[in-house]
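The values are calculated or read from the model by the stated rules, or taken from the named source; none is laboratory data. The model shown is predicted, which means the values in this text are computed figures rather than measured ones. Because the Cβ atoms are built from the backbone with ideal geometry, glycine has one as well, and the counts that use them run over all protein chains shown. Each accessible area value is taken on the protein alone, full model and side chains, heavy atoms only, with ligands, DNA and RNA left out. Shrake-Rupley method; radii C 1.70, N 1.55, O 1.52, S 1.80 Å.
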Amino acid sequence: MTTGMKLKQFLLHAKRTGVELPFDLIELIHEVSITCKEIAATVSRGELSGVLGVAGSENVQGETQKELDIITNDIMVEHMKVSGLVAGMGSEEVDDPISVPAQERGEYILLFDPLDGSSNIDVNISVGTIFSVLKAPMGCRAEPSLNDYHQKGTQQRAAGFVVYGPSTVLVLTTGQGVNMFTLDNSIGEFVLTKEGVEIPEDTKEFAINLSNKRFWEEPMQQYIEDCLQGEKGPLGKRYNMRWVASMVAEVFRILVRGGIFMYPYDNRDPSKAGKLRLMYEANPMSFIIEQAGGMSSTGHERIMDVEAKDLHQRVPVILGSRNEVAKVVEYHLKDEDAA
Ligand code: AHM
Ligand code: MG
């Protein structure tokens, strides 16, 4: 019985009982969790911190940054840069890879979105931090090249996210299932509260931004049409719909009670393959979803098999309960066959 263990205690215990977990990876996860406690404290001060609202600058994708996007990015970068555990970092908020001084370099590459769902900050809805851990091919000997960052999702050594909701919860996988740790503010520690999370295979709950429907490709439009027809339609089920506009909150819900989350390709800007970013959003979430028995796809291929070509590359995302995601993939396959 490990429920109730503190995060680091749990990871050390797992290693002692035979799970392959290098000490440096345990340290890295622990250090990321410490920065997330700081981010949680910053986010929870809300308007008291005087940093809500638009900061005015734009990130590499041309989106206006909130001040908290920048502040939380800096918290992560400054903390991890001197941890001795990372060789380089990639952040949603920074155009280029973030280098680490030679004497501070460690064995891993850390990719992160410091504050996902940040358009929700002003309205006080859950936001979160997403992270993905890769091994730096040259270890700490050299600064990672751009190419070293371009690893497939299947290469991830660990992935996680922290949702800053009514409670702050860290969801983590190192490739042996998914565990959840709730921040106990009275002791300042993440404590194991759910071990071996498993997503129900079937669901009647979908999450998508329906206002984009006219921009989607045919198979996506058809699937949602069929969902909306309910029990009399071809899918034979009465569906419920949710859209928080905060991926961390949607994925958390799916891990707890099942569901399907979709941010598909749309033709509003044909140069973009989707809205969500592969390296620090889709890949870590896919690793977690698969480790919890779910499925994650672009509609055409497994997300974790997508060739990585750019730190900020975008990808269509369909993830969640296995049988429902498989159904959506079927719609896409039928469409490919008909073409
Ligand atoms: P962000 O990283 O800039 O916050 O964008 C990602 C977020 C996801 O959390 C969420 O699923 C999606 O954007 C919501 O997009 P939309 O506002 O188009 O519905
Ligand atoms: Mg994001």
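Measure up LYS8/LYS275; LYS15/LYS81; LYS81/LYS309; LYS6/LYS275 against 29 Å on the Cα-Cα distance and list the ones that go over. Long pairs (Cα-Cα over 29 Å): LYS8/LYS275; LYS6/LYS275. The largest-to-smallest principal axis extents of the Cα set in the chain are 60, 47, 44 Å. The length gained on full extension between MET138 and PHE215, counted as 0.36 nm times the residue separation minus their Cα-Cα distance, comes to 23.4 nm. Ordered by solvent-accessible area of protein heavy atoms (1.4 Å probe), largest first, the residues PHE287, PHE23 come out as PHE23, PHE287.
Cross-link partners of LYS152 among aspartates and glutamates, defined as those whose alpha carbon lies under 17 angstrom from its own and excluding same-chain residues fewer than eight positions apart: GLU281, GLU290, GLU301, ASP305, GLU307, ASP310.
Which whole-number percent is the relative contact order of the chain (Cα, under 8 Å, 6+ apart)?
It comes to 16 percent, rounded to a whole number.
With point charges of +1 on the Cβ of Lys and Arg and -1 on the Cβ of Asp and Glu, referenced to the Cα centre of the chain, which listed residue (GLY88, MET241, ASN212) lies farthest in the positive direction of the dipole? Comparing the listed Cα positions along the dipole, MET241 ranks first. Simple spin-label estimate for VAL19 and HIS79 gives 2.0 nm between the two label positions (7 Å along the Cα-to-Cβ direction from each Cα).
Note on ASP74: accessible area approximately 70 square angstrom, rounded to 10, probe 1.4 Å, nucleic acids and ligands left out. Of the beta bridges in the chain, as assigned by DSSP with both residues counted there, near 80 percent are antiparallel.
Charged side chains reduced to their Cβ positions (Lys and Arg at +1, Asp and Glu at -1) give the chain a dipole of some 800 debye around its Cα centre. In the chain, the longest principal axis of the Cα atoms and the axis of helix 247-257 are about 70 degrees apart.
With all protein chains in place and a 1.4 Å probe, the accessible surface of the chain carries 48 percent carbon and sulfur.
Based on DSSP H segments of at least four residues, each scored -39500 (n - 2.57), the chain has a per-residue ellipticity at 222 nm of -9000 deg cm²/dmol. The C-alpha atoms of the chain define a longest principal axis, and helix 322-338 lies at about 60 degrees to it. Rolling a 1.4 Å probe over the heavy atoms of the protein chains gives the chain an accessible area of 42 Å² per residue.
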